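Okay, so here's the structure we're looking at.
The values are calculated or read from the model by the stated rules, or taken from the named source; none is laboratory data. Model, not experiment: these values are computed from the prediction. Using ideal geometry, Cβ is built from the backbone for each residue, glycine included, and neighbour counts are taken over all protein chains shown. Note: accessible area is taken over every heavy atom of the protein model, side chains too, but ligands, DNA and RNA are not part of it. Shrake-Rupley method; radii C 1.70, N 1.55, O 1.52, S 1.80 Å.
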Amino acid sequence: MSTATETPFDLLGGRDTMQAIVDRFYDLMDSDPAYAELRAMHAPDLTKMRRSLAGFLTAWAGGPRDWFEENPGKCMMSAHDPFAISPAIAGQWAEAMRRAIADVAPANAALAAQMGEILAKMAQGMAR
Ligand code: HEM
């Protein structure tokens, strides 16, 4: 049963769920030609990203804040300024993330879908 103090992080299944979503996201990005442009922007080795994005989502959803302690003062929006993110590429990110969340299927499906919607908006906000 949920309590008032449970965060989205807890309700979605904690760090294992965040890591599973991120792993599925990068597996999709790596294998589906629909995300080729997005893939090409990233380093060949995604090991660091698998760790960093899972850590960011963990903290962002209300879990342990290690990512922010390891990256003091880092703003996710300005960290993406160096990349030329078109609306189409942001759409690739958003779609792959929504698919990853649906494939991992956290028990709290409504909350998981909401997380996908918010992340999709964040991705669109990075486009120019
Ligand atoms: C809008 C579409 C997006 C594109 C095209 C994009 C692209 C990238 C690229 C190319 C990198 C560097 C990767 C590398 O070194 O291989 C990166 C880093 C990162 N991105 Fe994104 N990104 C997008 C959206 C997002 C969103 C919405 C989030 C957060 C919810 C996010 C979280 C991160 C994180 C945590 C890092 C690593 C930062 C670090 O550890 O320094 N990205 N992104």
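Some observations on this one:
- Check on P82, surrounded by fewer than 11 Cβ atoms within 10 Å (Cβ to Cβ), within 12 Å of the ligand (Cβ to nearest atom) and farther than 21 Å from D23 by Cβ: yes
- The range 17-49, subset near the ligand (Cβ under 7 Å from one of its atoms) and in contact (Cβ under 8 Å) with a residue 40 or more places away in the chain, residue surrounded by the fewest Cβ atoms within 10 Å (Cβ to Cβ): M41
- Total residues in the range 50-75, condition open to solvent by 40 Å² or more (accessible area, probe 1.4 Å) and either in contact with a Lys or Arg (Cβ under 9 Å, 6 or more places away or on another chain) or in a helix (DSSP H, G or I) (or both): 8
- Cβ-Cβ under 8 Å pairs, at least 6 apart or on other chains, the range 94-111 side under 17 Å from D30 (Cβ atoms), far side assigned to a loop (DSSP other than H, G, I, E, B): A96/D32
- Where a residue in the range 55-83 is closer than 22 Å to M115 by Cβ and its partner, wherever it lies, is of a type in the set (V, I, T) and outside any loop (DSSP other than H, G, I, E, B), with Cβ under 8 Å and at least six apart: L57/I21; L57/V22; P64/T58; D66/T58; W67/T58
- When every residue of the range 92-104 is checked against the conditions, at least one turns out to be at pLDDT 95 or above, touching an Asp or Glu at 6+ places or on another chain (Cβ under 7 Å) and either assigned to a helix (DSSP H, G or I) or near the ligand (Cβ under 8 Å from one of its atoms) (or both).
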